[in-house]
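Everything below concerns the one structure shown next.
What follows is calculated from the coordinates using simple rules that are stated; it is not laboratory data. Keep in mind it's a predicted model, so treat the numbers as computed, not measured. We place every Cβ from the backbone using ideal geometry, glycine too, and count neighbours over all the protein chains shown.
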Amino acid sequence: METVTEMVTKTKKKTPPRKAAVGAALNKDHKEKKVEFNGLGLKPKNGQANGGLRPSPSTNTLNRLAREKIVLWRQPFTTVYYAFMEGLNLCLEFLTGMLNHKALLFSLSVMSSLFYYAYITPGQHQQYIAVIEKKILWWGWWVFLGVLSSIGLGSGLHTFLIYLGPHIAAVTLAAYECNSLNFPEPPYPDSIVCPSGKASATTSIAISLWQIVAKVRVESLLWGAGTALGELPPYFMARAARLSGEEPDDEEYKEFIQLMNANKKGADELSWTDRAKAWMERFISRVGFPGILLFASIPNPLFDLAGITCGHFLVPFWSFFGATLIGKAIVKMHVQMLFVIIAFSEHHVENLIHQIGKIPHVGDMIRQPIREMLQKQKIALHRAPGTHVEQSTSTLQAILGGVVTLMIFGFLLSLINSLAQRYHKRLCDKRKVA
């Protein structure tokens, strides 16, 4: 017979089947509810990272999104105020930078004082000063337009189409109409008037293509030099970013970095323009001066990132600027000059007007305003210097004037928005330092 103690021990060792099953089920549920981590987020579930939760954006991303909203049509008062403050800061930075070069500042001050004294002092030298002043202002105007056409600031102002191209076309039309290039000064270059009968009689030889090129060469070369100067800011920005290791908040630089990374990975989703840009960047970085000269010499939109490319790959300054200057100011400008002069030669213009008249339904409607505008311009060329000719604005002139006004207005809007966004970035950088 078993003792009482042995019976109790056997009873404890036996586990009821129902209780064992319930315990196993509870342990299984407990194991399934276990949370696993994958890096900083939760383990993916149902194809969603972080268990369906989205990562919070960084401070830089939030600042960038807020900066993109600082535009005139969303926050007009804030945008204007920020643009004004950024302009003041840029002026202060320029003055501070000049104070760091005291010798240069002193030399410029002395030279400016001497020139100003000679400018205001009456004497026989005033006639030469007037000529020099007119030339400097005229030449500086074309350099300024070239810089505007190149720097962009969010939206490039196509000053060749607005100013230089029409100037070359006007000189070409006047040369064939007057059979001379000896336009009286003044009013040239502000306005063009045919020379008097005696003056034109001495130059009765037919005007050649190269004579017209020589007449507009200085303005064209200066405009091309301005476009080369406009490529320097992105070059210096990318060079400083590469040397410092910091990525600037610049859309074109970010586009360049993304394009370079995608090209390294061999992304197939790149468009043909992005592939062409990537190929051009590789070509320039490997070839150097000849490659920069080649792409600067032909009109193409792929040269937009050339300054950033050369700065990022630490291409020497004179290799970049020298090739860009030769390509843009000499080679490319002569190509554009020849194109405009040939297109606006007298027989080509007449042929173009004749072909426009063949357009069904609207040909005559378009041809008539063009003929009227050219006829009025020819009449104005034969006026006496100093006289004013009343000219009624045609429909075509009004349309062209409206297009030019819209382009300039859009550029000014882009400039204000860009300055305001730069000031917002300046404020964000100050908060980071604080």
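Values for this structure:
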read-out: Residue-wise HN-Hα coupling along the range 78-89, computed from phi with Karplus coefficients 6.51, -1.76, 1.60 (Hz; x: Gly, Pro); value: 5, 5, 5, 5, 5, 5, 5, 5, 5, x, 4, 5
read-out: FRET efficiency for LEU400 and CYS91, using Cβ-Cβ distance with R0 set to 25 Å, rounded to 0.05; value: 0.10
read-out: 3J(HN,Hα) from dihedral phi, the range 187-196, Karplus parametrisation 6.51/-1.76/1.60, rounded to Hz, x for glycine, proline; value: x, 5, x, 5, 8, 10, 10, 5, x, 5
read-out: Length added when fully stretched, LYS432-HIS158, from 0.36 nm per residue minus Cα-Cα; value: 94.9 nm
read-out: Rough spin-label spacing in nm, given labels placed 7 Å along Cα→Cβ, for LEU338 and ASN182; value: 2.9
read-out: Residues of the range 397-434 with amide N under 16 Å of a point placed 7 Å along Cα→Cβ from TYR81; value: 420-428
read-out: Förster-model FRET efficiency, 30 Å R0, LEU243 and ARG275, C-beta, rounded to 0.05; value: 0.55
read-out: Length released on extending from PHE409 to ASN60, taking residue separation times 0.36 nm less the Cα-Cα span; value: 122.5 nm
read-out: For SER149, SER285, SER58, SER297, order by how many other beta-carbon atoms lie within 10 Å, fewest first; value: SER58, SER285, SER297, SER149
read-out: Length added when fully stretched, ALA214-ASN100, from 0.36 nm per residue minus Cα-Cα; value: 36.8 nm
read-out: Vicinal HN-Hα couplings computed from phi for the range 343-359 (Karplus, 6.51 cos²θ - 1.76 cosθ + 1.60; Hz; Gly/Pro x); value: 5, 9, 5, 4, 6, 5, 5, 5, 5, 5, 5, 5, 5, 4, x, 7, 5
read-out: Burial ranking of peptide ranges 326-337, 233-244 (average Cβ count within 10 Å, highest at the top); value: 326-337, 233-244
read-out: Fewest-first ranking of THR172, THR79, THR96, using other Cβ atoms within 10 Å as the exposure measure; value: THR96, THR79, THR172
